[in-house]
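Down below is the structure, laid out as structure tokens.
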Amino acid sequence: MGTHLLNLAQITTTTIVGAVVALIAGAALGAVAIQVLTRNTISAAREEARRIAESAQREAETAREKIILEAERKTIELRQQADAEANKAREELRDHERRLTKREDMLDRKLETLDVKERHLDDRAKVVARQEESAAQSLSEAEKVLEEQKNRLAQVSGLTRDQARDMLLQRVEDECQQEVNQIALKRYAEIEEAARTRGQEILLQAVQRYAGEFTTETTVRSVAIPSDDMKGRIIGREGRNIRAIERATGVDVLVDDTPGVISVSCFDKVRQTIAVESLQKLLEDGRIHPTRIDEIVASVQKNVEERIIRHGRDAANEVKLGGLHPKIIEAMGKLHFRTSYGQNMLKHSIEVAFLSQIIADQLGLDGELARRCGFLHDIGKAMDHEQQGTHPKLGMDFCRKYGEREEILNAVGGHHGDIPATSPYTPIVMAADAVSGARPGARRDSMEQYIQRLEQLEGIAKENEGVAEAYAIQAGREVRVIVDAQRVSDADAFGIARNIAHRVSAEMTFPGEIKVTVLRETRAIEFAT
């Protein structure tokens, strides 16, 4: 067994030695093989590098040649472009030189012409100087001759120079006045025709577009009573009831012999309304004594004040106006109880407001502002009678107090011509006011006022020199004047018509407008024998 183990050990050692020798040999062969492969790879790489270098060199040469060719081409192009520009500049320079040469030639010719003209002017100046000397001498001789003729004429006529001059000036003035009247007649006729045509168009459109219903309201001035016995109860013991009514309402209660009626008289229509309605309630209630009178009057007064505000607010809403001060609305509501020639003032203000807006729209102005001017134009009539001043001035001051615009103030204060118009809305309101007042049925006069107005109109017309007769016709809307044809010419007739119209406008108060027509009749009479 020991031998066996020894043999096994020897075999193992031999095997190991053989393996080691084989391993060393393999390693040596591997190293040789690697060295050979490495040498071959290096050679191949060097060959590849050489080929790449040669290719790169060839490409570089090609690129360099291309760049050189491109540079030469661009150089040639730039040279050609520079040559073209230089040629163009030289051509322009030659043109400029030709123009300068031409201008120099023209200037030379002009200078020569100016020299000729200057010499000619010198000659003319000498001629003119000689003519002036001759004219001065002739003028002096003419003045002497004229002075001699004037002296001789004064001796022949027996007039001094001043008298003759005054006579001549008067004659020239008369002739000029005739011509002025004729020219004015023609111009006024043309202007009047154009203005009438345009005005009629605007007013007709305004009237057609606004067709408001209009009912003339009259303030109640009497109260019906069931029996005459009620008059005694109204008067009361020793007149205490009637005194209580008058003290509470500020009116005059007239109890006369008229059966079934008690009259109420007062300047203020609001107070009159309160008094009338209070009497009606007292008659319905049957209890008539001072305490009950005060209660009824206070109740009616409160009710009327509420109605005033309601009327003002309804009117403002109807004309579509906002931003009105409450005091202005209240004042406008009072106009519901005011009348002018039988025309209700609040309804009249509404109508003027819409007419003013339509006219302003036709003229290209602010229709809303014109409507506001027309609505407020008669607000002064709502002021108490204790306040001093005309209703345009009172209304203007009232509107200024509550912040209305300057255009509105001028329209309120100037719609009757009391102050000059500073805005176009003032004459618009004047026209609308005249249209509303002149409309048939809008207003009415009392018989006495009507007769007085006709007499005044005819009297103004007859006061003019040369007027033979004057007649007021068309209910005072027109006055026809007949003049003496022997004393008045056609041009003078036109002047008379204008003077009458101016005086009527300045001295009379009337609704609408009055037409003045002057008639001149010429009759040629001859007898045959």
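The values are calculated or read from the model by the stated rules, or taken from the named source; none is laboratory data. Source: prediction; values computed, not measured. All Cβ positions, even for glycine, are placed from backbone atoms using ideal geometry, and neighbour counts span all protein chains on display.
For residues that are surrounded by 20 or more Cβ atoms within 10 Å (Cβ to Cβ) and over 39 Å from the mean Cα position of the chain (by Cα), scanning just the range 473-487, find the one that is nearest to K462 (Cα to Cα). Among them, the one singled out is V481. Residues that are out of contact with any Leu (no Cβ under 7 Å at 6 or more places or on another chain) and small (G, A, S) within the range 293-330 comprise A298, S299, G312, G322, G323, listed in sequence order.
Just to be sure, is A244 under 23 Å from S340 (Cα atoms), surrounded by 14 or more Cβ atoms within 10 Å (Cβ to Cβ) and of a type outside the set (D, E, K, R)? Taking the combined requirement at face value, the residue does not satisfy it.
Here is a check on your reading of the model: is S265 over 30 Å from A353 (Cα atoms) and at pLDDT 85 or above? For S265, the condition - over 30 Å from A353 (Cα atoms) and at pLDDT 85 or above - is not met.
Taken across the range 159-177, residues that are under 30 Å from A353 (Cβ atoms), out of contact with any His (no Cβ under 7 Å at 6 or more places or on another chain) and at pLDDT 65 or above do not occur at all. In the condition set (1) farther than 21 Å from Q362 by Cα; (2) β-branched (V, I, T); (3) in a loop (DSSP other than H, G, I, E, B), T422 is compliant with all but (1). Among the candidates I358, I350, the residue that is touching an Asp or Glu at 6+ places or on another chain (Cβ under 8 Å) and in contact (Cβ under 8 Å) with a residue 60 or more places away in the chain is uniquely I350. Restricting the search to helices (runs of 4 or more DSSP H) fully inside the range 314-414 and requiring at least 1 residues that are basic (K, R) gives 326-334, 345-362, 367-376, 391-401. Among the residues of the range 442-462, are any surrounded by 19 or more Cβ atoms within 10 Å (Cβ to Cβ), at pLDDT 80 or above and under 30 Å from S349 (Cβ atoms)? Yes. Say we look at the range 382-432 and pick out the residues that are at pLDDT below 85 and of a type in the set (D, E, K, R); which of these is surrounded by the fewest Cβ atoms within 10 Å (Cβ to Cβ)? Checked the range 382-432; the qualifying residue surrounded by the fewest Cβ atoms within 10 Å (Cβ to Cβ) is E386. Each residue in the range 255-303 was checked for being under 54 Å from the mean Cα position of the chain (by Cα) and assigned to a helix (DSSP H, G or I), and 23 of them qualify. For L114, the conditions (1) surrounded by 10 or more Cβ atoms within 10 Å (Cβ to Cβ); (2) of a type outside the set (F, W, Y); (3) modelled with pLDDT under 85 all hold with the exception of (3).
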